[in-house]
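Peer 1: This structure is in structure tokens; I'll ask about it shortly.
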Amino acid sequence: MTDKNNSPVKGQLQWGGRFGAGPDAVMQAINVSIGFDRKLWAQDIAGSQAHAAMLAKQGIITPEDQAAIKRGLEDIADDIEDGRFGFSDALEDIHTNIEVRLTERIGEAARRLHTARSRNDQVATDFKLYVREAIDGILAQVKDLMLALAERAAEHAATVMPGFTHLQTAQPVTFGHHLLAYVEMLGRDSGRLEDARKRLNECPLGAAALAGTSFPIDRFATATALGFDRPTANSLDSVSDRDFALEFLSALSIMAMHLSRFAEEIIIWCSSPYRLISLSDAFTTGSSIMPQKRNPDAAELTKAKTGRIFGHLLGLLTVMKGLPMAYAKDMQEDKEPVFDAVDAITLSLAATAGMVRDLTADTARMAALAGSGFSTATDLADWLVRVLKMPFRDAHHVTGRIVRIAEERGVDISELSLAEMQSVEPRITQEIFDVLTVQASVASRTSFGGTAPQNVAKAAALWLEKLK
């Protein structure tokens, strides 16, 4: 195992006096992480500022050194933001790049900054800060998508569409009800992210390499300064834990799966056989050879990005599965998967919210297909149970025989004559035709959580009140 300890100053080898020669080019290439962990520069500077302030408060460094460190880090932050900071592969990672530049600027005081910490607890702290901020940003996006879905659900609370099981027409539902199903899914996704955020909000800083430190530091002070609830309780666990990254990727994987399911439905609804909705030019592309095509590429790419996120979760689980305590350089492979997953989910959420607001529902087409495939057969069976007091299994059998007659005639069951129905069950009356329309079917589904328009309108209103 390789400890990420001992920061260099200019002109010294990365690992100090222990090594007499520089690394092989291949070793440098496999070891360097500045190409991706530069993304953590703001978190690294925030952690160093909190650490320096605590060291000064505890009398471990002087107030003058702390003031110099503070000014130097602020100047470096400005340089990075303005693109003036030259990152060096030779300095391996973001922590060393910043510390070496700080040493160049303020001299001896910078060399005191690494007192009572290691790059092991430093990187764990930076990474937790990044994941926490990413969760906050993603939660805001999820809320926006839920709001877009709830607004369209309220608009289409009474719009009838076919409901499917096995992708076969099953029973009529409302378009608003279908959209609200995804609001519920995203609500659970938000809950998982919020739970993950609570669990990760413990600060590793001060755990040092693996055993803590002999300096009289105040870990509670640095935890508070960085917005954590408390410091981590065990120094070994502090530097070796990546549960927070795994839990984050797990929550993103479930969310990506939900977005993928919705994307696939958008693709199906847009397809020529269905034509339930359309998307504008803003979220579709054309064909290089077929001028009539309008391809739902935003939905297809959202669906495809799920594979990246799933893969990152499995990849990091594999990295972590055989690691002994405490830090191992294997854990350098933890960041790129998380960074890429955040980029993928952020883009997918934005694309999905855009498509929801962009789509146009073909309500006439929805209503026509809602009545296809004998979708009101269950309403017929329910009527037999409710009015004729028939056991449901018997009603199911009677309804199946009536459906077979309609199928043989090539008509819907609502188009059969009363006599044809009575040939199967003589007690059926004219009232049966009142329940065989798709509008009557959805209106009857008033059970809690059902698709009745009054239910959907109420549920959409509740979500809009909560989200706004």
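The values are calculated or read from the model by the stated rules, or taken from the named source; none is laboratory data. It should be emphasised that the depicted structure is a prediction, and the values quoted were computed from it without experimental measurement. Please note: Cβ atoms are built from the backbone with ideal geometry, for glycine as well, and neighbour counts cover all protein chains shown. Just so you know, the surface numbers come from the protein's heavy atoms only, side chains and all, with ligands and any DNA or RNA stripped out. Shrake-Rupley method; radii C 1.70, N 1.55, O 1.52, S 1.80 Å.
Peer 1: Which of the residues belonging to the range 180-203 are open to solvent by less than 30 Å² (accessible area, probe 1.4 Å), under 19 Å from A233 (Cβ atoms) and assigned to a helix (DSSP H, G or I)?
Peer 2: Initially, the range 180-203 is screened for residues open to solvent by less than 30 Å² (accessible area, probe 1.4 Å), giving 180, 182-183, 185-187, 189-191, 193, 196, 200-201, 203.
Narrowing further to those that are under 19 Å from A233 (Cβ atoms): 196, 200-201, 203.
Matches in the range 180-203: A196, L200.
Peer 1: Give the number of residues within the range 382-394 that are in contact with a helix residue (DSSP H, G or I) (Cβ under 7 Å, 6 or more places away or on another chain) and farther than 15 Å from E431 by Cβ.
Peer 2: 1
Peer 1: Go through (1) closer than 28 Å to T346 by Cα; (2) open to solvent by less than 40 Å² (accessible area, probe 1.4 Å); (3) in a helix (DSSP H, G or I) one by one and return the number of the condition F228 breaks.
Peer 2: Condition (3) is where F228 drops out.
Peer 1: Which ones in the range 342-380 are closer than 17 Å to D189 by Cα, of a type in the set (A, V, I, L, M, F, W, C) and open to solvent by less than 20 Å² (accessible area, probe 1.4 Å)?
Peer 2: Matches in the range 342-380: V342, A344, I345, L349, A353.
Peer 1: Identify, please: which residue in the range 75-96 is touching a residue at least 24 places away in the same chain (Cβ under 8 Å) and of a type outside the set (A, V, I, L, M, F, W, C) and is, among those, nearest to V123 (Cα to Cα)?
Peer 2: Restricting to residues being touching a residue at least 24 places away in the same chain (Cβ under 8 Å) and of a type outside the set (A, V, I, L, M, F, W, C), the top hit is H95.
Peer 1: Looking at the structure I just gave you, is R105 open to solvent by 10 Å² or more (accessible area, probe 1.4 Å), touching a Phe, Trp or Tyr at 6+ places or on another chain (Cβ under 9 Å), part of a helix (DSSP H, G or I) and modelled with pLDDT of 95 or more?
Peer 2: Working: open to solvent by 10 Å² or more (accessible area, probe 1.4 Å): yes; touching a Phe, Trp or Tyr at 6+ places or on another chain (Cβ under 9 Å): no; part of a helix (DSSP H, G or I): yes; modelled with pLDDT of 95 or more: yes.
Criteria not met by R105.
Peer 1: Quick one: in the range 121-179, which of the residues that are open to solvent by 10 Å² or more (accessible area, probe 1.4 Å) and acidic (D, E) is farthest from L462 (Cα to Cα)?
Peer 2: Of everything passing the filter in the range 121-179, E133 is farthest from L462 (Cα to Cα).
Peer 1: What tally of residues in the range 293-321 results from selecting those that are at pLDDT below 95 and farther than 20 Å from T352 by Cβ?
Peer 2: Number satisfying all stated conditions: 1.
Peer 1: Taking L464 as the residue in question, decide whether it is more than 16 Å from L179 (Cβ to Cβ) and in contact (Cβ under 8 Å) with a residue 24 or more places away in the chain.
Peer 2: Details: more than 16 Å from L179 (Cβ to Cβ): no; in contact (Cβ under 8 Å) with a residue 24 or more places away in the chain: yes.
Against the criterion (more than 16 Å from L179 (Cβ to Cβ) and in contact (Cβ under 8 Å) with a residue 24 or more places away in the chain), L464 does not qualify.
Peer 1: Here's another thing I want to ask about it. Would you check which residues across the range 110-120 are outside any loop (DSSP other than H, G, I, E, B) and either surrounded by fewer than 21 Cβ atoms within 10 Å (Cβ to Cβ) or of a type outside the set (K, R) (or both) and list them?
Peer 2: Residues of the range 110-120 that are outside any loop (DSSP other than H, G, I, E, B), as a first pass: 110-111, 119-120.
Scanning the range 110-120 gives A110, R111, N120.
Peer 1: If you don't mind, there's one more thing I want to ask. Which of the following residues is open to solvent by 30 Å² or more (accessible area, probe 1.4 Å), free of Cβ contacts under 8 Å to residues at least 24 places away in the same chain and charged (D, E, K, R): E420, E407, E431? Before you say what the answer is, go through the steps one by one.
Peer 2: Values: E407 fails: free of Cβ contacts under 8 Å to residues at least 24 places away in the same chain; E431 fails: free of Cβ contacts under 8 Å to residues at least 24 places away in the same chain.
When all the criteria are applied, what remains is E420.
Peer 1: A further question on this structure: Kindly evaluate R84 against the criterion of being more than 32 Å from the chain's Cα centre (by Cα) and either in the same structural domain as S214 (by the TED database) or part of a loop (DSSP other than H, G, I, E, B) (or both). Even if it seems obvious, please write down each step before you answer.
Peer 2: Working: more than 32 Å from the chain's Cα centre (by Cα): yes; either in the same structural domain as S214 (by the TED database) or part of a loop (DSSP other than H, G, I, E, B) (or both): yes.
Yes, satisfied.
Peer 1: Continuing with the same structure: Do we have any residue at all in the range 441-455 that's touching a Pro at 6+ places or on another chain (Cβ under 7 Å), outside the structural domain of A140 (by the TED database), touching a residue at least 12 places away in the same chain (Cβ under 8 Å) and within 25 Å of L149 (Cβ to Cβ)?
Peer 2: Yes, some residue in the range 441-455 is touching a Pro at 6+ places or on another chain (Cβ under 7 Å), outside the structural domain of A140 (by the TED database), touching a residue at least 12 places away in the same chain (Cβ under 8 Å) and within 25 Å of L149 (Cβ to Cβ).
Peer 1: Continuing with the same structure: Within the range 457-467, can one find any residue that is under 23 Å from Y274 (Cα atoms), surrounded by 15 or more Cβ atoms within 10 Å (Cβ to Cβ) and not polar (S, T, N, Q)? Give the steps one after another, and end with the answer.
Peer 2: Here is the first cut: in the range 457-467, the ones under 23 Å from Y274 (Cα atoms) are none.
No: the range 457-467 contains no residue that is under 23 Å from Y274 (Cα atoms), surrounded by 15 or more Cβ atoms within 10 Å (Cβ to Cβ) and not polar (S, T, N, Q).
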